[in-house]
1. Which FRET efficiency value, to the nearest 0.05, is calculated for residue 372 and residue 218 with the Förster distance at 45 angstrom and r the Cβ-Cβ distance?
2. Fewest to most neighbouring Cβ within 10 Å: what's the order for 5, 168?
3. FRET efficiency for residue 24 and residue 391, Cβ-Cβ distance as r, R0 = 45 Å, nearest 0.05?
4. Stick to Cα atoms and the Kirkwood definition of Rh, then tell me Rg/Rh for segment 126-168.
5. Going by the alpha-carbon gyration tensor, a ≥ b ≥ c the square roots of its eigenvalues, is segment 357-402 rounded (a/c under 1.5) or, if a/c is not under 1.5, prolate (a/b greater than b/c) versus oblate?
6. Expressed in nm to one decimal, what extension gain is obtained for the pair residue 298 and residue 230 from 0.36 nm per residue of sequence separation less their Cα-Cα distance?
7. What percentages make up the Cα-Cα pair-distance distribution of segment 343-464 when the bins are 5 Å wide from 0?
8. If each residue of separation counts as 0.36 nm, what is the full-extension length gain between residue 434 and residue 171 once their alpha-carbon separation is subtracted?
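Every number here is computed from the coordinates shown, using simple stated rules; none is lab data. This one's a predicted model, so the numbers in the text were calculated from it and none came from an experiment. Neighbour counts run over all protein chains shown; Cβ positions are idealised from the backbone, glycine included.
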């Protein structure tokens, strides 16, 4: 049996592994991580995930041991070292995530996203994220939320003292997050900012893009053309290879979902939260998928297509108002080599089907890989996006943006934690109640392509 390690030892190893990831990232600079470094990155990332689970387990074991010693009247100062409030709160938040995962109420991937907020970033933001996990992940808060949903005007009268305290704690976090509108924060297990991870979304852009979570109103990144490298002769002065850095903030925008539910459903706390999670997350996911593709970037998140239109990354078809079998080659050849290793194709399924039917002059399939599972195109993965143009009408004057090719890790999706809801009554056309309520949920997210050079967009222009 392997020797059990303390949380401090495990955490030190995690920090060492994260430092190794940072070294790989720094070595790549603005270039794409490729070759053996990709395999090494994945191996280290998997090891960090395993250590994180071990860390949470040992923290909980240590806590239970301390509780047992206290029950046995052993002085706390003698049984365990004193820790700061911030460290204790961090541990409590980690235990809460562990309980939710072990109880099958929170996917492991979602817990890792939440943990990232606890461990990474400025201390004030990490402290705020810790309070958010502790408040909205509390079972007592889930029960208080369900009772409020069942009866918004009198549900609070049915709260136990524990549920009332949990609701007040969540309200304090809501205030600290500067969230306006909405009467309550949604429980952690419903919040789209956590639950719509790569494994919980049907949105292809969420699956293959860089998804970050924040507690502020924007994500602040930078873009750069990259540092300059050189071969230096002995004794000569090195050239100035300092890259020019440009700020690339990505703001978050407010989206909303209106869920209508019956009084009867609201009275069933467990079923209500399960149904709400399914319906609200699906609606939010569909709204986000459209914005991440064609959003205007001013009143909604910036879409990948919107970011590329009118730039040097836009390429016109070589065909005449129709797809041409040379188009995928043109896109692939035009992408800079630094982004090629991790590149993939994205289009509407109708576009993919058009390519699937193309044949060579001798009758063989032009792109047989597209009929495989998973589908590939020119040796690269292909992803379906139903929000892209899928029909080309040669009888109409239009631009048809049908295929995006590039390194989608350069497309950034930002989720802001702190989804809120408002409970509203429902009335029929004649002004009488229907026995239903509205749960009006608001959330915030943003997206953009800070590095448009990492993509190529195929346009098939048509003229009436």
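1. The value I calculate is 0.65.
2. The fewest-first ordering by Cβ neighbours comes to 168, 5.
3. On the way: r = 43 Å, r/R0 = 0.96.
According to the calculation, E is roughly 0.55.
4. Here Rg/Rh amounts to 1.05.
5. Oblate, because a/c is 1.5 or more while a/b does not exceed b/c.
6. Details: separation 68, 0.36 × 68 = 24.48 nm, distance 4.11 nm.
Full-extension gain reported as 20.4 nm.
7. With 5 Å bins starting at 0, P(r) equals 2, 9, 12, 14, 13, 11, 9, 8, 8, 7, 4, 2, 1, 0.
8. Additional length available on full extension: 91.7 nm.
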